[in-house]
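The values are calculated or read from the model by the stated rules, or taken from the named source; none is laboratory data. What you see is a predicted model, and the numbers here were worked out from it, not measured in a lab. Here the Cβ positions follow ideal geometry from the backbone for every residue, glycine too, while neighbour counts run over all protein chains shown.
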Amino acid sequence: MSRFIENNEITVQKKLELTSNEAVKQAILAGLGCSIMPLIGIKNELRNKELKIIPVKGLPIKTTWRLIWLKGKKHAPVSSALLAYLNKEKEHIIQNKFDWYEQYTV
């Protein structure tokens, strides 16, 4: 977020630094300002119209998520089963659980 603000020469008059996305969300809901937040963290508030997105060029910032583990790790059977399931069903999971996301992206 800091890099985005700096790279886009956005002027910030006052700053409040909080330690979690939930704390930031509660501060915004309390009327203390605005922030760049992960959409997944404000899904319910967007649906309930408690928060709204202010269109800003360059947002949302899109990221890629990856599962990582220690090289050479021997997975327990449950971990192996989860990884196999995610690998097989990832497109289906994305469609069924994250389709709401597209309405907030450009």
Point to revise | Residue list for the range 65-98, restricted to those being outside any helix (DSSP H, G or I) and either among the charged types (D, E, K, R) or closer than 24 Å to residue 41 by Cα (or both) | key: 65, 66, 67, 68, 71, 73, 74
Revision key, fill the gap. Conditions (1) surrounded by 13 or more Cβ atoms within 10 Å (Cβ to Cβ); (2) outside any loop (DSSP other than H, G, I, E, B) -> residue 32 fails only (2)
Check your understanding: Yes or no: residue 57 closer than 21 Å to residue 102 by Cβ and charged (D, E, K, R)?
Key -> yes
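What about residue 41, is it touching a Lys or Arg at 6+ places or on another chain (Cβ under 9 Å), without any contact (Cβ under 8 Å) to a residue 40 or more places away in the chain, under 27 Å from residue 100 (Cβ atoms) and in a helix (DSSP H, G or I)? If you could, list the steps in order and put the result at the bottom.
On the way: touching a Lys or Arg at 6+ places or on another chain (Cβ under 9 Å): yes; without any contact (Cβ under 8 Å) to a residue 40 or more places away in the chain: yes; under 27 Å from residue 100 (Cβ atoms): yes; in a helix (DSSP H, G or I): yes.
Yes, satisfied.
For the structure I just gave you, tell me whether residue 57 is charged (D, E, K, R), closer than 29 Å to residue 7 by Cα, touching a residue at least 24 places away in the same chain (Cβ under 8 Å) and surrounded by 13 or more Cβ atoms within 10 Å (Cβ to Cβ). Even if it seems obvious, please write down each step before you answer.
On the way: charged (D, E, K, R): yes; closer than 29 Å to residue 7 by Cα: yes; touching a residue at least 24 places away in the same chain (Cβ under 8 Å): yes; surrounded by 13 or more Cβ atoms within 10 Å (Cβ to Cβ): no.
No, not satisfied.
Tell me which residues, restricted to the range 8-38, are among the polar types (S, T, N, Q) and at pLDDT 90 or above.
Initial filter on the range 8-38 (among the polar types (S, T, N, Q)): 8, 11, 13, 19-21, 26, 35.
Across the range 8-38, the qualifying residues are 19, 20, 21, 26, 35.
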Check your understanding: In the range 6-26, what count of residues is obtained for those that are surrounded by 10 or more Cβ atoms within 10 Å (Cβ to Cβ) and within 17 Å of the chain's Cα centre (by Cα)?
Key -> 7
